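Enquirer: Next up is a structure, given as structure tokens.
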Amino acid sequence: MALFLDPLFADDAGLVAVGGDLSPRTLVRAYSRGVFPWFDEGDPICWWSPDPRAIFDLEAFHVPKRLARTIRSGTFHCTINRDFHAVIRGCADRDQGTWITDAMIDAYTRLHELGVVHSVEAWNDDQLAGGIYGVALGGLFAGESMFTYIRDGSKIALVFLIEHLRAQGFTLFDVQMLTPHTHRLGAVEIPRAEYLSRLQYALRQKVKFVGTR
């Protein structure tokens, strides 16, 4: 198990600790502290809590008009936990780096089997169009990765997920670090101290990610 330092004492890059394992207990402990693993194949496990932190504001999220028209067209439909393995593999295959390693896939698959990690799938008829997966603890959903096979697939899955989180009473949707893609989708940055405060509030919420498994 990694020795997690207080995230407020992370280095300038947000590195909190190095080493440890990816057991369910360690991962749940990490996310509960505002820390997540991110490392390349062949490197030791690195644990991060960046400042600033990127989130989707569940209350302020706005669906662009073109995407809203696509949703209303009925071209796509979404499911929850219907094919987690295809989603995480889709994210790994589409990843331009190497951080979704076999060890990470195994670790998050174990958490999925324990009901802690969930996937959302977007379908075009019976074809998987895109998806997203992440960790749910209390009122926190920590999005890990998303992918697209068909145009708008991941965006459709994201909108469905945000609407689902709102309906279930979630208060925090973490996306860790802002990227050009998540920024275009509406993600914003907040100071780490604010994120950690909001995290503690979210963890106290007695909500549950309801969905088929």
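The values are calculated or read from the model by the stated rules, or taken from the named source; none is laboratory data. A quick note: this is a predicted structure, and the numbers were derived from the prediction, not measured. Note that we place each Cβ from the backbone using ideal geometry, even for glycine, and neighbour counts take in every protein chain shown.
Enquirer: I'd like the residue in region 58-79 that is touching a helix residue (DSSP H, G or I) at 6+ places or on another chain (Cβ under 7 Å) and not in a helix (DSSP H, G or I) and, out of all such residues, is nearest to G186 (Cα to Cα).
Expert: Here the answer is F61.
Enquirer: Turning to a different aspect of this structure: Could you check how many residues of region 1-32 are buried (at least 18 other Cβ atoms within 10 Å of the Cβ) and part of a loop (DSSP other than H, G, I, E, B)?
Expert: 6
Enquirer: Can you give me the number of residues within region 188-199 that are surrounded by fewer than 15 Cβ atoms within 10 Å (Cβ to Cβ) and part of a helix (DSSP H, G or I)? I'd like the intermediate steps shown before the answer.
Expert: First, the residues of region 188-199 that are surrounded by fewer than 15 Cβ atoms within 10 Å (Cβ to Cβ): 191, 193-194, 197.
Going one step further and asking which of them are part of a helix (DSSP H, G or I), we end up with 193-194, 197.
Count: 3.
Enquirer: Can you name the number of the only condition in (1) surrounded by fewer than 22 Cβ atoms within 10 Å (Cβ to Cβ); (2) in contact (Cβ under 8 Å) with a residue 40 or more places away in the chain; (3) assigned to a loop (DSSP other than H, G, I, E, B) that I150 fails?
Expert: (2)
Enquirer: In this structure, does Q168 turn out to be among the polar types (S, T, N, Q) and at positive phi? Talk me through it step by step, then tell me what you get.
Expert: Working: among the polar types (S, T, N, Q): yes; at positive phi: no.
When the stated conditions are applied, Q168 does not pass them.
Enquirer: Next up: Does G115 qualify as being loosely packed, with under 15 Cβ neighbours inside 10 Å and either touching a strand residue (DSSP E or B) at 6+ places or on another chain (Cβ under 7 Å) or under 28 Å from K206 (Cα atoms) (or both)?
Expert: On the way: loosely packed, with under 15 Cβ neighbours inside 10 Å: yes; either touching a strand residue (DSSP E or B) at 6+ places or on another chain (Cβ under 7 Å) or under 28 Å from K206 (Cα atoms) (or both): yes.
When the stated conditions are applied, G115 passes them.
Enquirer: What number goes with the only condition from (1) in the same structural domain as L165 (by TED's automatic domain parsing); (2) surrounded by fewer than 19 Cβ atoms within 10 Å (Cβ to Cβ); (3) in contact (Cβ under 8 Å) with a residue 40 or more places away in the chain that V87 does not pass?
Expert: Against the list (1) in the same structural domain as L165 (by TED's automatic domain parsing); (2) surrounded by fewer than 19 Cβ atoms within 10 Å (Cβ to Cβ); (3) in contact (Cβ under 8 Å) with a residue 40 or more places away in the chain, V87 comes up short only on (2).
Enquirer: Going through region 33-46 one residue at a time, which ones are part of a loop (DSSP other than H, G, I, E, B) and either assigned by TED's automatic domain parsing to the domain that holds L172 or surrounded by 13 or more Cβ atoms within 10 Å (Cβ to Cβ) (or both)? Break it down stepwise before answering.
Expert: To start, the set of residues in region 33-46 that are part of a loop (DSSP other than H, G, I, E, B) comprises 33-35, 38-45.
Matches in region 33-46: R33, G34, V35, W38, F39, I45.
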